[in-house]
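Here the structure comes first, spelled out in structure tokens, and everything after it is commentary.
The values are calculated or read from the model by the stated rules, or taken from the named source; none is laboratory data. Just so it is clear, the model here is predicted, and its values are computed rather than measured. Methodologically, a virtual Cβ is constructed for each residue, glycine included, from the backbone with ideal geometry; neighbour enumeration extends over all protein chains shown. Only protein heavy atoms, including side chains, enter the accessible area calculation; ligands, DNA and RNA are left aside. Shrake-Rupley method; radii C 1.70, N 1.55, O 1.52, S 1.80 Å.
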Amino acid sequence: GVDEIAGLVAMDMNLDLVCCVPHSIAWHMNRAITNRGRVQALFYNKFLEYNNAIWYEIRKSYSCGWPFANFARNAAMVDLADKVISFKCYDSAGTDHCIKLAKKAGKYAGNISKE
């Protein structure tokens, strides 16, 4: 997805890469392949080996105990960011949630169109 593309671009530019993972790195790396394909990042090992990466494992208890770790991860990403941009090209409760938090924090810089 777009998270991985941004990560690969950051690595190509030798930028710092801040990674927020819901639950744990091990949990994501060991998730099974579904009928939709891989549900975890395809480049985890490449990101894990990158020297300029900082990793945060976000539990669902982060920031007021969101009911799902993915929503807690959104809160962590907004907390860690100076500015937040989105890439929303289809309905996504997670993206909508992250945008809402970023707007509330005064950090939302807009959406990147797929065009």
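Legend: distances between Cα atoms for Lys46/Lys104; Lys60/Lys103; Lys60/Lys104; Lys46/Lys100; Lys60/Lys114; pairs beyond 26 Å are Lys46/Lys104; Lys46/Lys100; Lys60/Lys114. The modelled label-to-label distance for the pair Ser92/Ala109, using points 7 Å beyond Cα in the direction of Cβ, is 1.7 nm. Extension gain, Arg31 to Asn70, is 12.5 nm, computed as 0.36 nm per intervening residue step minus the present C-alpha separation. Placing dummy labels 7 Å off each Cα toward the beta-carbon, the span from Phe43 to Asp82 is 2.2 nm.
With springs only between Cα atoms under 10 Å apart, run a GNM on the chain and tell me which of Ala26, Ala81, Ala69 wobbles the most. Highest fluctuation among the options: Ala26. Calculated accessible area for the chain comes out at 69 Å² per residue, all protein chains present (probe 1.4 Å; ligands, DNA, RNA ignored).
Count the DSSP beta bridges whose two residues both fall in the chain, then state the antiparallel fraction as a percent rounded to the nearest 5.
Around 10 percent of the beta bridges assigned by DSSP in the chain are antiparallel ones.
For the chain, the fraction of 1.4 Å probe accessible surface lying on carbon and sulfur atoms is 54 percent.
All C-alpha pair distances within the chain, sorted into 5 Å bins from zero, spread as 2, 11, 18, 23, 24, 15, 6, 1 percent across the bins.
Among Arg73, Arg59, Arg31, the residue with the largest mean-square fluctuation in a Gaussian network model of the chain, with springs joining Cα atoms closer than 10 Å, is Arg31.
Phi angles across the stretch 10-17 convert, under the Karplus curve 6.51 cos²θ - 1.76 cosθ + 1.60 with θ = phi - 60°, into 3J(HN,Hα) values of 4, 5, 4, 8, 6, 8, 5, 10 Hz, Gly and Pro given as x. For Gly94, neighbours were defined as the other residues whose beta-carbon sits under 12 Å from its Cβ, and their charges (Lys and Arg +1, Asp and Glu -1) total 0.
Of Phe71, Phe87, which has the most accessible area and how do the rest follow, probe 1.4 Å? Please report the intermediate quantities before stating the final value.
Numbers: Phe71 50, Phe87 80 Å².
Order by accessible area, largest first: Phe87, Phe71.
Of the listed residues His23, His97, the order by accessible area with a 1.4 Å probe, largest first, is His23, His97.
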